[in-house]
Every structure is written in C-alpha cells, then in structure tokens.
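Written out below as structure tokens is the structure these notes cover.
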Amino acid sequence: MASYQTCSQVSELCPVEATTYGYYPNLGGNVFFAVFFGVLGLCQIGLGVYYRTWTFMVALGIGTWMELAGYIGRILMHYNPWNGGAFKLQIVCLVLSPTFVAAGIYLTLKHILLNLGPEYSKLKPRLFTWIFISCDVGSLLLQAAGGGVAAGAGNDDAAMLKAGDDIIIAGIAFQVATMSVCGVLALQFFISVARHGNGLTGEKIPDGGISPISASRMRLVIGSTVFAYFTVLIRCIYRIPEMAGGWGSPLMQKENEFLVLDGMMIALACLAFTAFHPGLFIPSMRTGFKNRV
C-alpha cells in the first residue's frame, strides 16, 4: 500500500492520487503566497521595531513567517508530493499560524477598548488579552498535539490518524468558539459606545490623559481589525469540515478552496494589519508612550 513510509517519489506504485492531497500543489499560487507572507513578515518586523509594538510584532511576525514556512513546504511538495518532511512542515505551520494572527486581533481590540472607553465593555480590557490569548494558547496546544499524533501515525495506523484528526478539529473548534465570544463582546462594546459614548473623537490613555487622534484614523484601525477578525474566522470555520472529513477527504483534495478560504483569508488579515498597522493609529500600543504624554 502506498504511504509516506513506503514511497519517496511519484511512480507507478506510488501515484500522486494516493497522497493525502491527491494532487501536485500549484507552483504559481504557492510561490505567490510564500513571497507575499515573506514580504509581510519583513514589514511587520520593521513596523514593530519602528513603533515599538513588541507584543504585536511577535504575534504577527510569527504568524506571517509560519505561513511562509508552510507555503515553502507546499512548493517542495509540488516537485515531490511524497515528500513526507515537506508535508509535515506545511500542515503544522498552516494549521497553527492563524492562532498568532488572532492574538494580534485580541491585543488590538484591547487597546481600542481602552481608547474609546473601557467603562462601556462588559469585560475589562486587560482581561481581553489574558482570557482570549490564553484560550488561543489552549487551541494552539490542542492543534499541535493533534498534529503530532497524526504525524506519528503515518498512513498505516488509521485509529491513531483519526485520533490526531479529532484533536486538531477540537482545537480549531475551540478557536472558533473563542473568536465568537470575543466578537459578541466587541459588538456589545461598539453598540454601547455608539449609544452612550463620545464616539471616535479621541484617544483615552489608561492614566486619564487625552491624546489627539482623529475619528477617521480610529475608524480605519477599527475597520482593519474587524476585517482581520472575519477573515481569520472564515478560515477557521472552513478548516473544521475540511479536517472532519479525515485525511485525504474530498474537501481536503480541493486546492482552489484551500488557497481561497485558508491562504487568501490569512493573507488579507495580515495585509490589513500591515497597511493599517495599529502602532500608527493607536499610540498607547507603543512601548514607553505613557511616559511621553
């Protein structure tokens, strides 16, 4: 039986159809995403250093560079779909990287709440990062554990493969649930601000000071954060039925759906956070800012 343990390259006994994906990954599309995430990763490091948004830089830096590594794995699989190392590289990196992008969303939302009025939020802003990033870490650990179990099973132990698959699904479902709760709380906050707050007239610094920031600039960072939120959420929702079908399922073997609903969604989220970097719009995210106001 053809498997990653018995096959090293495509041949008559090891056809490409017997691989998990059942196809040669598209070279052009995967090179595009590899280059795209590589450039965004460099931009995130540069912007993070410039604005001193260290935590945000780490989250988006890891997220973009893991995407880059994942698409490098898919490029290697284009030349050899039976490359087991490349398969493990791309499945681990592309499953885990959105978790770090989600952490950047939670961090930005925390500072939006602080700026527009924490009294309008049902959850204290500082708890946004503690609770949701902690849940993100839990999701990350579940997905990593599932990936490890599946990788250790190879193609021969069906029970172990399914166990790993189920753990990954649980991790992604937990991530969707976490993001959904975060979205509900954020929606409640924005409704309260619209009804009872002062709108987007300026930035409220945690120590009570006011720093000038136009409503249009605040609108841009809120828009980019909400946009990133929905793109990451779409990607996570897509991953649940993809993984639920099992390794080599019909949905998993459709590359166009993967490139659009996974690759493009995370690419758009990272692009939004690069073109509208929160450090530019929300000075309180910058390390040392309070000491200068």
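Which three semi-axes in whole Å describe the equivalent ellipsoid of the chain, each the square root of 5 times a Cα gyration tensor eigenvalue, listed largest first?
After diagonalising the Cα gyration tensor, the semi-axes are 40, 19, 14 Å.
In nm, what is the difference between 0.36 nm times the number of residues separating ALA244 and LEU42 and their Cα-Cα distance? Kindly include the intermediate steps, with their values, before the conclusion.
Values: separation 202, 0.36 × 202 = 72.72 nm, distance 3.45 nm.
Here the segment from ALA244 to LEU42 would lengthen by 69.3 nm.
Give me the angle, in degrees from 0 to 90, between the Cα long axis of helix 158-196 and the longest principal axis of the Cα atoms of the chain, rounded to the nearest 10.
Approximately 20 degrees, to the nearest 10.
How tilted is helix 265-275 with respect to the longest principal axis of the chain? Cα atoms for both, answer in degrees (0 to 90, nearest 10).
In the chain, helix 265-275 runs at an angle near 40 degrees to the longest axis.
Report, by chain and number, residues whose modeled amide H sits under 5 Å from the one on TYR4, excluding near sequence neighbours (fewer than 5 apart, same chain).
Here the answer is ASN155, since their amide H atoms fall under 5 Å of that of TYR4.
Once you place label points 7 Å from the Cα toward the Cβ at LEU251 and MET160, how far apart are they in nm?
Each label point lies 7 Å from its Cα, and together they span 2.6 nm.
Who wins for biggest fluctuation among SER224, SER214, SER121 in a Gaussian network model of the chain, springs between alpha carbons below 10 Å?
SER214
Along segment 118-134, what does the Karplus equation 6.51 cos²θ - 1.76 cosθ + 1.60 (θ = phi - 60°) give for ³J(HN,Hα), rounded to whole Hz, x for Gly and Pro?
For segment 118-134, the Karplus curve yields x, 5, 8, 9, 5, 10, 4, x, 5, 7, 4, 6, 4, 6, 6, 6, 4 Hz.
Using r as the Cβ-Cβ distance of GLU12 and LYS88, and R0 as 22 Å, what FRET efficiency do you calculate, to the nearest 0.05? Display every interim value, and only then the final one.
Working: r = 25 Å, r/R0 = 1.15.
Here the calculated transfer efficiency is 0.30.
Just order 104-116, 273-285 by mean Cβ neighbour count inside 10 Å, highest at the front, would you? Can you show the working numbers first?
Values: 104-116: 25.2, 273-285: 22.1.
Ranking, from highest mean packing down: 104-116, 273-285.
Using a 7 Å offset from the Cα along the Cα-to-Cβ direction at both ARG195 and VAL137, what is the distance between the two label points in nm, to one decimal?
3.5 nm
Between 0 and 90 degrees, rounded to the nearest ten: what's the tilt of helix 54-79 against the longest Cα principal axis of the chain?
Long axis of 54-79 versus the principal axis of the chain: about 20 degrees.
Along segment 18-26, what does the Karplus equation 6.51 cos²θ - 1.76 cosθ + 1.60 (θ = phi - 60°) give for ³J(HN,Hα), rounded to whole Hz, x for Gly and Pro?
Those phi angles translate into 8, 6, 4, 8, x, 8, 8, x, 4 Hz.
Nothing charged except the Cβ atoms of Lys and Arg (+1) and of Asp and Glu (-1): what's the magnitude of the dipole of segment 22-287 about its Cα centre? Round to the nearest 20 debye.
Computed about the Cα centre, the dipole is about 840 debye.
Which Cys residues of the chain have no other Cys beta carbon under 4.7 Å away?
CYS43, CYS93, CYS135, CYS182, CYS236, CYS270
Computed from the coordinates by the stated procedures, all read-outs in this text should not be read as laboratory data. Everything quoted here is computed from the prediction, not taken from an experiment. Methodologically, a virtual Cβ is constructed for each residue, glycine included, from the backbone with ideal geometry; neighbour enumeration extends over all protein chains shown.
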